[in-house]
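Here the structure is laid out as structure tokens; the discussion comes afterwards.
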Amino acid sequence: MKSRWDNDAAREFTDDPLALRAYSSRLLGADPNLVLHGGGNTSVKLPVENLHGESEEILYVKGSGWDLADIEPPGFAPLRLDAVRRLAGLDSLDDTNMMRSLRAASINPDAPNPSVETITHALIPHQWVDHTHADAIVTISNTPNGDARLLEVLGDEVLIVPYAMPGFILAKLVAELVAGVDWSRLDGMILMNHGVFTFGNTAQESYERMIALVTRAECVVSQHSGSIATAQGDPPDLKQLAELRRAVSTAAGFPQVARVDSSDEAVGFSLRDDVSEIATRGGLTPDHVIHTKPSPMVLSGDVESDIADFQREYKSYFGRYSAADHQILDAAPRWAVWRGVGTVSFGPNAGRASVVADIAGHNITAAQIADSIDAWQPLGPQDLFDVEYWVLEQAKLKRIVSSPPLQGKIALVTGAASGIGAACVCALRSQGAAVACLDIDGGVIEQYLGVDTIGIQCDVTSSADVDVAVDATIGRFGGLDIVISNAGTFPAGMNIEEMDDDTWTKVVDVNMSGHMRVIRAATPYLKFGIDPAIVAIASKNVPAPGPGAAAYSAAKAGLTQLARVAALELGELGVRVNVLHPNAVFDTGIWTEEVLQNRADHYGITVDQYKTNNVLGVEVTSKDVANLAVAMAGPLFSRTTGAQLPVDGGNDRVI
Ligand SMILES: [Zn+2]
């Protein structure tokens, strides 16, 4: 493992040890082979003068909820070192009292909750302490006689600590093991089946010791890299994927986003003869279990029976290892092995699904390496259970998973680059949905590059484009629940007498047939959607057409009729189809200041008067239309289909 230490960068923090602490923590966080997604923790001990002018020894330890990858000085909780150290002398300490005592030791009530490993950090006399879950070291520890093997590889400047439940129990064990130990001969401490601590008198010393230990372990691991199976996969059957995602969502009790890993490694693993056995033996470090559960689901071909089997086994695991005060969590798998396709990870949003995918990827590598070294022997189910159901671990998840109304939903918006479409994307995201953003403008790809969005160039007048875009949506997020069919074109005014065939054909193709293509392509997947809904953006011109807009009005009227038929056809599949009729939405690309001024002059009124020329006398913005469109796709309208709603500030010709 390469050291990322940069003397020039570190020199900037010479006068600010806490900033230096944040810097070297970020170096650890930057390497996914050391820590993943919030794993690991670091600390520094510093003298601080209190209000009475007395110097106190303060332990700055990583706060819960902060990630080493991007931690800053406020991410460290400042605790009185003496008060923390004394806790290790107690015979027992429950979680509530531990967290309460640690918070009480804090000199800043606004600081985050300190890491669950705080007491262990306090026991180590060195000023700088780093803790990671380094893949290479933990992999070797997850083999029979892993402790002896690690001593052989790392040398006896490390102290081996047998597995203990993180938190107070681990701290207590460490306290016993280090009594009388000569710290000056130690570089680090190995926590079996869990991770590694290093320490030093400078930030660099502690960091470099971490890199040195991990590098030695990686030398062993790399000799076994040939044991990692690789194969080229088949693309997943997208309908099966959508069905799987719905089944997992139902089992979890809330919608899930699915992420397929079809890398050669994931496919190779899925094709191992012993995959169902090796995949379910346990995980790399207990830190992962809240994200992945103790084992994945191995698909056999029948999704319903696979889910039922998984749930049965999870419930029996709960029954076997739980105590009276435990309440069972949902029994849905967090990831699945799909033979020949790879792995599929699930999460209540796209970000969480990709966290699970990352962890699953590290786990399948570790399992195969350990099996090649000797045998993959990770932590047993009771220890995994204790961590999965540990209140302090579940608290981490609660912080991550807030629940906006469309959390876990998957949406597709056409015409997403600007105007009403862009506003719909914004509204859907703010409510927690993952969104595929389609537009004829290729700039949409850059515009919506993200974890919970994907931009796809798509011309709705091309059936092939639309089919590919819908498939890409399923491939990326695992299903489809919401379609906002919005792409449209607004031609220059033209009387019928002057109408040319090209204009007519183009306008009808985009504003009517384009919607048909989107609905047609989406329907096979919406069948597997969760409370699936289509919202078509039509126009006030349907109930109240205007002269000079024959093609536009006729096409939007055709769209409305299309949506009504779709509502009838798709009702039995549970898919709702509703129509919005916006009017005079001026904050879109076509309405430049100049065009607005021209129109206002034409009627002899001001631009403001022109914008609010409706019954309520209000301006109607893209955001107003988007909010209503998203509401119609949501639970408020769960009993409404085939409806047409105006969003126009009230139009006297329509009312
Ligand atoms: Zn740890």
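Observations on the structure shown:
- Distance distribution note for the stretch 7-223: the fraction of Cα pairs above 24 angstrom is 39%.
- Inter-label distance, Asp302 to Val565: 3.9 nm, where each label sits 7 Å from its Cα along the C-beta direction.
- Gain on full stretching of the segment that runs from Thr14 to Asp95 - 0.36 nm per residue minus C-alpha separation: 25.5 nm
- About the Cα centre, charge dipole magnitude for the chain (Lys/Arg +1, Asp/Glu -1 at Cβ), debye: 1500 debye
- Stretch gain in nm, segment Gln382-Asp264, where the contour uses 0.36 nm per residue and the Cα spacing is subtracted: 39.2 nm
- Beta bridges per DSSP with both ends in the chain, % antiparallel, nearest 5: 50 percent
- Extension gain, Glu572 back to Leu151 (0.36 nm per residue minus Cα-Cα distance, nm): 145.1 nm
- Sorted fewest first by neighbouring Cβ atoms within 10 angstrom, Phe385, Phe269 come out as Phe385, Phe269.
- For the stretch 408-563, the Kirkwood radius over C-alpha pairs fed into Stokes-Einstein at 37 °C and 0.692 mPa s yields D = 209 µm² per second.
- Rg over Rh for the stretch 33-88 works out to 1.06, both radii taken from alpha-carbon positions and Rh defined as the Kirkwood radius.
- Sites Asn613 and Asp502 - FRET efficiency at Förster radius 25 Å, r taken between beta-carbons, to 0.05: 0.20
- Projected area, mean over directions - the chain, Cα convex hull, nm²: 35.1 nm²
- Computed log10 I(q)/I(0) for the stretch 566-655 at 0.10, 0.19, 0.21 Å⁻¹: -0.35, -0.90, -1.01, from the Debye equation with unit scatterers placed on every C-alpha and solvent omitted.
- Charge tally for Ser270 (other residues, Cβ to Cβ under 13 Å; Lys, Arg +1; Asp, Glu -1): -4.
- In this Cβ point-charge picture (+1 for Lys and Arg, -1 for Asp and Glu), the stretch 238-395 has a dipole of about 500 debye about its Cα centre.
- Taking 7 Å steps out from each Cα toward its Cβ at Leu449 and Val468 produces label points 2.0 nm apart.
- The chain: calculated mean residue ellipticity at 222 nm from DSSP helix runs of at least 4, using -39500 (n - 2.57): -13000 deg cm²/dmol
- Gyration tensor analysis over the Cα atoms of the stretch 238-395 returns equivalent ellipsoid semi-axes of 22, 20, 14 Å (largest first, whole Å).
- Prolate/oblate/rounded call for the stretch 299-338, Cα gyration tensor, a/c under 1.5 rounded: prolate
- Approximate spin-label separation Val595-Ser227, in nm, with each point projected 7 Å along Cα-to-Cβ: 6.5 nm
- Tilt relative to the chain, helix 350-373 - C-alpha long axis, 0 to 90 degrees, to 10: 40 degrees
- When the square roots of the Cα gyration tensor eigenvalues are ordered a ≥ b ≥ c, the ratio a/c for the stretch 269-320 is 1.5 or more and a/b does not exceed b/c, which makes its shape oblate.
- Degrees separating the helix 238-252 axis from the principal Cα axis of the chain, which is the longest one: 60 degrees
- Cross-linked pairs Lys409/Lys527; Lys315/Lys527; Lys540/Lys611; Lys62/Lys293; Lys540/Lys623: Cα-Cα separations exceed 19 Å for Lys315/Lys527; Lys62/Lys293.
- Efficiency of FRET from Cβ geometry, Ser638 and Asp309, R₀ 35 Å, rounded to 0.05: 0.65
- Angle between the chain longest axis and helix 391-400 axis [Cα atoms, degrees, rounded to 10]: 30 degrees
Read-outs throughout are calculated quantities, based only on the coordinates presented, and are distinct from any laboratory measurement. Since this is a predicted model, take the numbers as computed values, not measurements. Here Cβ is always computed from backbone atoms with ideal geometry, including for glycine, and neighbour counts include all displayed protein chains.
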